[in-house]
């Protein structure tokens, strides 16, 4: 009886510990995926800011992905909708990137990117600048 109770307690401890580890790893994994995507978008972000601020060098204090929208386009063929690439139907993404301390005045900037082209490259759709006051 004591042996069975000890085994049940040990199993409970192992399961609780593995659940906590899994939960904490999920948060770490999400942060890693966000950092990886931001790294891939770095050239697009810098290019967009150079164009917006009309300068050769851009300073960015912090950046994060504030929203990701998954969208699907469809192509009509013989009265039926079929999926194709993002240009003629398929899945594409719209991203909102939030930046702080941008430019000489330390503005807050939101960049809106989309990748609905045939090459699936992200391009700037719009932006919003909020002055830091």
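Looking at the structure I just gave you, is residue 90 modelled with pLDDT under 90, within 22 Å of residue 116 (Cα to Cα) and under 22 Å from the mean Cα position of the chain (by Cα)? When the stated conditions are applied, residue 90 passes them. Note on the stretch 117-133: among residues that are over 16 Å from the mean Cα position of the chain (by Cα) and either buried (at least 18 other Cβ atoms within 10 Å of the Cβ) or more than 30 Å from residue 72 (Cβ to Cβ) (or both), the one that is modelled with the lowest pLDDT is 133. The single condition from (1) farther than 26 Å from residue 120 by Cα; (2) at pLDDT below 55 that residue 56 fails is (2). Could you check, for the stretch 12-25, whether at least one of its residues is part of a loop (DSSP other than H, G, I, E, B) and either over 29 Å from residue 104 (Cα atoms) or modelled with pLDDT under 60 (or both)? Within the stretch 12-25, not a single residue is part of a loop (DSSP other than H, G, I, E, B) and either over 29 Å from residue 104 (Cα atoms) or modelled with pLDDT under 60 (or both).
The values are calculated or read from the model by the stated rules, or taken from the named source; none is laboratory data. Just so we're clear, the structure is a prediction, and the values are computed from it rather than from any experiment. Counting neighbours? That spans all protein chains shown, and the Cβs are built from the backbone with ideal geometry, glycine included.
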